Each structure stands twice: as structure tokens, then as C-alpha cells.
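Undergrad: The structure is given below, and queries will be raised subsequently.
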Amino acid sequence: MCGIVGYIGEAQAAPVLLDGLSKLEYRGYDSAGIAVYDGESIHVQKATGRLKVLSELTHDGATMPGVVGIGHTRWATHGAPSNVNAHPHYNQAETIAVVHNGIIENYLKLRKYLEEKGYQFISETDTEVVAHLLDRYYKGDPLEAITKAMHRMEGSYALGIIFKEHPEQVYAVRKDSPMIVGNGRDGNLIASDVPAVLKYTRKVYFIQNEEIAVLTKENITFYNVDGDEISKEPTTIDWDVNAAEKGGYEHFMLKEMYEQPQTVKDTLNPRIRDGEVVIEELGMEDEEIRAVNRIHIVACGSAYHAGVTAKYVFEGLARVPVEVDLASEFRYRNPILQPDDLVIIISQSGETADSLAALREAKMRGVKTLGIVNVVGSSIAREADQVMYTWAGPEIAVATTKAYSAQLIAEYLLAIKFAQAKHTVSDQEAASLLRDLQKLPEQIEMLLGNKERIQHFANRYIAAKDVFFVGRGIDYAISMEGSLKLKEISYIHSEAYAAGELKHGTISLIEEGTLVAAVVTQEELYKKTISNIVELGSRGAFVLAVTNTGNREIEKAADYVIYIPQTNRYFTNSLAIIPLQLFSYYVSVGKGCDVDKPRNLAKSVTVE
């Protein structure tokens, strides 16, 4: 959600800022702007719409000379998308420029205070408050002004700041919103995510809560909220730079779908050694695992759907009760947490605001926490007691595919580890489970090779108004994710239902020609779900079924069948989701939607 880039170095800043912002477009935005110091003044250029508009206005940055600057892509929270509300924001004298991600929760109180002191506001944003507050406290020392402002501001924020009187410095500030610092050979950078700096450096510092970074061309210095200097160690990012580029694919989403076999291997293979599940980062001995009496899985969006799958897998294999919560609801239901519980937080970015808040709630109550995240050094990774990385690499498309698949694999491995520790599966059963896991990459690749048949089917439903997804057990969890994929990138109304609930009201929505995708991978539930498909067909629905190879009985009830290879019943999500991802993708492409950057959505939701 929103993107920040800042640069100070030997090169012209504006082209670097625009390039960095282009790598953050996946985060979602509605306007963009840059501020560059040209040797005399700080010049700002803004534009609503896509980043290419700003690039055209500045001739790819050529019309804004200077070697120090900050840039931003904005996702509107306070005030409609407009040039006035776009970042960067000035103080009145235009000597301080600020870009901001997050929400200043007490901005109205601060705005009133500043107005009483004679400050005039031109925008509706909470960010302009920051610029004027810095001006209020600035007496020649930027660090002093920043720390005083931090003590007054409430909420979440990542800030990039430049001062006209200190053109040799760029300032970065963080509280509950991600911010990194890149240490390059020809200059230093700030950014809200790693892809923005990969072209220039692999050496990155992760700024933690209530910390400040001061960048010059040669040096980076860090301070806490009281202005005391602190030391930090850099992290080397080992992503392939090409992983953040399209690599010849029409869209990042398609590229990332085709990366899923490798992603599954990367998450899986290092954790299977000599026929055993080895999760060193778990930091729990078998005795500690056996002492866990209940698991709480907390997540948002697709990660929540992965958590719903995990409930079936953990309960089925390890016989440990699991509760799955939407992170945005977890704190507010006053959950009952016991000392022998384990809270698992799942987040691709590791910065999801609701999930991070849930993590902190669990830690405050003294419960052990485990983060399943993709981004090394992210907030959840740092703050959870233990972290399990999914190693999916950068995921640029807003609609997750490969990160979701990696989350499933992490959950399978954890469930098997728990089952072995609790002696709820035999050695032979565990060996069979691991063999099936290791077959998944090849099976996923085979399903991706069937894209033409799915594309042909998707073309028939480009004009669909409503699509429903149904399933039982794990198939219901798959249906939830399939439905979300379709609605978020094609804008078609879609819902997922437990198939057994259709007759309790939902079936009234079915009319002649309505498409229903039925997921039928749980063999013990074949007959029950086929009965539901017959009910749907009798009311005019066209039923697409995704089922296991060999389930020929379903052809009598469904209108179109896609078969997936045989695997353990707990792992079917990893296969059944592939045709549903492809179906959603090709419907979206057929409608001419912006597949990688759906309207109103952001990749990393860093506000509540």
C-alpha cells in the first residue's frame, strides 16, 4: 500500500526515483510525485493516475535535475486522488518535503493545533500535518525536529524527508509501516520494499519501529526516537534481480503462476532431510510440540484461506485443535489464549497491519508465536518468537499465487512435524506423506501445461455477472481462494460456499446459466458433493468440476471436468488451485482488466 523511494548519491535523482517507484507499482496507488533538490530549491512534480503520466511530465526525470530526492506512489486514505493530495507535501515555505505511508491517527488534533499557530493547509491529507509539524519544531537541527514530531504523532508511518537547508542528507523514519535502507556503490537509497533498490544494491538495512535513518552519499547513520545513535547490521538480499522482472511473460501474475513448481521446491526441499522433516527455525523440541494443546492461525485474505486449509491438515494429521481467525477480527473478539497455545501468523509481506497487530496481541498475552512469511527481515519475521520463511522470492502481482502455494507447503511440513512429535502418524505414513509432497512440483507443472484448455473455457465466461465456488472440507478452503482470485482481478461478483449449505438459502441465487465451480477432491465426500452438483444442475447451473483423476462418476453430474493428479487428500489444495488461478487469469485478460494491479487493491496492506 503506497510506495516510497528516496535517493542521495552521484547520479541524477529523478530517474532513480521513477525507476524505483515503477518497481513498487504492484503495491497499489492512484497518484505519484517526486521532490528533487536542484542546488537552490526543492522542486515537486505530481500527477494523478499511473506513474507513466509523471514520467511523461518530467521527460523521465530529465527536467528535474539534482542528486537528492524523494518519491511516492499514493493510495488514497485522506482526501480523494488529486494533484493537491498527492505526495510529496511541503511546509509553507517549501523548505521541507515529506512522503508518507500509513495513517496519522491524531492528525485532526494536530491540524487544529497547527492552524491555531497560523499554519495553513491546502490538502485534505494527514501527511501535510507532518510537514507543518516538522516546520514547527525545526530550529536548524533536522534530527531534533523529527524526534519531537515522532513524540507527537500517533498511528503508523514510514516517512521520507528532505530539508532545503540540509541538501546533503535524506531522512527515513518508521513506525508500524515498512521502510528499508539500501547501501549502494554510487549512493544510498530508502524504499518501502526491496524490489525498488535491487537494481542498485543487495545490501539492505531494515529499519525497526521508532527508528530514524540519516543518509548521505557515503554514509548511513541510525538513531532511536530519543536521538541516540544506534548500530545495525545489513542484510544481503539474495533474490535474482530478474525475479522482479516479467521475463517475457505478459503479466507478473502469469510469470508467478509458472514459478510455482520451483517455489514449492524451494520451500520444501531444504526441510526434508533423510526422510525427516527438519524445521530448524521452528526452535521447538518435540517435547515442546507435544505440549501445544491448541493452535490459533491468524491471517488475512489468501493467507487466511491457506490457514483454513491448515486447520484440516493439522487436525487430521496431528490431532491438535485449530482455530482460524481473520486478523482484523482476532483482537476484537477478546480471544481466549492459554499458555500452552501456539499462535501462527501468516503473511506474505510480513507487514500486514492487522496480522502484525494480532501478533502483538498474542505476545502481550504471553503466548508463543510463529510467523510464516516470505519477506526476510519484515516486521512479523522480526517480532514473532520464531519465523518460518516460504522462500517464494519477490511476488509483484497484487493477486498472490506462488506465495500462497508456498504457504500451503510450509503448513503441510509443520503439520507433519507436529504429527511425528505427537506420534499421531506412523513412520510409514510420514514417509508416504513426504513422497507425495515431493511429487507436487512436477504435478503442478503438468497442470500449468494444460493452460490452453482452461483458457478456452474461460473465454466463455468473460461476460459472467456471478460465479459461485463450492466444496466440502478442504475443498471449501480451495473454493474460498478460487473465488477470491476471480473477484479481485476480473471484478466479477463471486462467492464461495460450503456445498452442504447451498440448500440453506444460497441456492436461491442460482438461475439458468449461472457458472458454479465445484471442487471435489476429498474422496470420502464425493457422493455428498455430487448430490449438491445435481441440485445445482436441476436449477439451471452450469457446473465446472475440479476433481481427482479417476473420479469418472462426476461426469454424469458436472458439465465440464478438470482432472488433477492423485495426491494425499490433505495436499489437494496445492493442485486444485492451479486451474482456478488460470481460469481467473484468463477471464481477467479477456475482459481487458489490469491483471497485475487490480483497482482499489494494494499488495501489502499496511493500514488497518
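Residue-by-condition table, conditions (1) under 23 Å from the mean Cα position of the chain (by Cα); (2) under 21 Å from residue 161 (Cα atoms); (3) of a type in the set (Gly, Ala, Ser):
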| position | (1), (2), (3) |
| --- | --- |
| 197 | yes, yes, no |
| 203 | yes, no, no |
| 210 | yes, yes, no |
| 226 | no, yes, no |
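Undergrad: Ok, one more. Within the range 567-575, identify whether any single residue is open to solvent by 10 Å² or more (accessible area, probe 1.4 Å), under 16 Å from residue 478 (Cβ atoms) and touching a Lys or Arg at 6+ places or on another chain (Cβ under 8 Å), and answer yes or no.
TA: Taking every residue of the range 567-575 in turn, at least one turns out to be open to solvent by 10 Å² or more (accessible area, probe 1.4 Å), under 16 Å from residue 478 (Cβ atoms) and touching a Lys or Arg at 6+ places or on another chain (Cβ under 8 Å).
Undergrad: Open to solvent by less than 40 Å² (accessible area, probe 1.4 Å) and either polar (S, T, N, Q) or within 21 Å of the chain's Cα centre (by Cα) (or both): is that true of residue 188 in this structure?
TA: Yes: the conditions hold for residue 188.
Undergrad: Okay, moving on. Those residues that are hydrophobic (A, V, I, L, M, F, W, C), part of a loop (DSSP other than H, G, I, E, B) and crowded, with 20+ Cβ neighbours inside 10 Å, I need them from the range 191-236; list them, please.
TA: Scanning the range 191-236 gives 197, 198, 207.
Undergrad: Look through the range 510-529, keep the residues that are within 16 Å of residue 473 (Cβ to Cβ) and either over 35 Å from the mean Cα position of the chain (by Cα) or of a type in the set (S, T, N, Q) (or both), and return whichever of them is surrounded by the fewest Cβ atoms within 10 Å (Cβ to Cβ).
TA: Ranking the qualifying residues of the range 510-529, first place goes to 527.
Undergrad: If you don't mind, there's one more thing I want to ask. When you look at residue 444, is it closer than 30 Å to residue 193 by Cα, assigned to a helix (DSSP H, G or I) and touching a residue at least 24 places away in the same chain (Cβ under 8 Å), yes or no?
TA: Against the criterion (closer than 30 Å to residue 193 by Cα, assigned to a helix (DSSP H, G or I) and touching a residue at least 24 places away in the same chain (Cβ under 8 Å)), residue 444 qualifies.
Undergrad: Continuing with the same structure: Across the range 38-90, which residue is most open to solvent (accessible area, probe 1.4 Å) among those that are in a loop (DSSP other than H, G, I, E, B) and of a type in the set (D, E, K, R)?
TA: The residue in question is 40.
Undergrad: Right, something else. For the range 390-406, what are the residues that are in a helix (DSSP H, G or I) and within 12 Å of the chain's Cα centre (by Cα)?
TA: Once the filter is applied, which keeps residues that are in a helix (DSSP H, G or I) and within 12 Å of the chain's Cα centre (by Cα), the range 390-406 yields 402, 403, 404.
Undergrad: Filter the range 390-404 for residues that are touching a helix residue (DSSP H, G or I) at 6+ places or on another chain (Cβ under 7 Å) and aliphatic (A, V, I, L, M); which is modelled with the highest pLDDT?
TA: The residue in question is 399.
Undergrad: Quick check on residue 358: is it in contact with a strand residue (DSSP E or B) (Cβ under 6 Å, 6 or more places away or on another chain), under 19 Å from residue 484 (Cα atoms) and open to solvent by less than 10 Å² (accessible area, probe 1.4 Å)?
TA: Answer is no for this residue.
Undergrad: Quick check on my filter: what residues within the range 443-464 are among the polar types (S, T, N, Q) and either more than 17 Å from residue 575 (Cα to Cα) or at pLDDT 90 or above (or both)?
TA: Of everything in the range 443-464, those that are among the polar types (S, T, N, Q) and either more than 17 Å from residue 575 (Cα to Cα) or at pLDDT 90 or above (or both) turn out to be 443, 455, 459.
Undergrad: Mind checking which residues of the range 485-543 are β-branched (Val, Ile, Thr), closer than 19 Å to residue 465 by Cβ and without any contact (Cβ under 8 Å) to a residue 60 or more places away in the chain?
TA: 506, 507, 510, 514, 516, 543
Residue-wise test of (1) among the acidic types (Asp, Glu); (2) open to solvent by less than 70 Å² (accessible area, probe 1.4 Å); (3) part of a helix (DSSP H, G or I).
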residue	(1), (2), (3)
253	no, yes, yes
265	no, no, yes
290	no, no, yes
295	no, yes, no
304	no, yes, yes
307	no, yes, yes
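Undergrad: Given the options 375, 387, name the one that is part of a strand (DSSP E or B), among the β-branched types (Val, Ile, Thr) and touching a helix residue (DSSP H, G or I) at 6+ places or on another chain (Cβ under 8 Å).
TA: 387
For (1) of a type in the set (Asp, Glu); (2) open to solvent by less than 10 Å² (accessible area, probe 1.4 Å); (3) over 15 Å from residue 295 (Cα atoms); (4) without any contact (Cβ under 8 Å) to a residue 40 or more places away in the chain, each residue gets a yes or a no:
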site	(1), (2), (3), (4)
369	no, yes, no, yes
393	no, no, yes, no
402	no, yes, yes, no
422	no, no, no, no
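The values are calculated or read from the model by the stated rules, or taken from the named source; none is laboratory data. In this text the structure is predicted, and so the values were computed from the model without any measurement. Cβ: placed from backbone, ideal geometry, glycine included. Neighbour counts: every protein chain shown. The accessibility values were calculated without ligands, DNA or RNA, using every heavy atom of the protein model including side chains. Shrake-Rupley method; radii C 1.70, N 1.55, O 1.52, S 1.80 Å.
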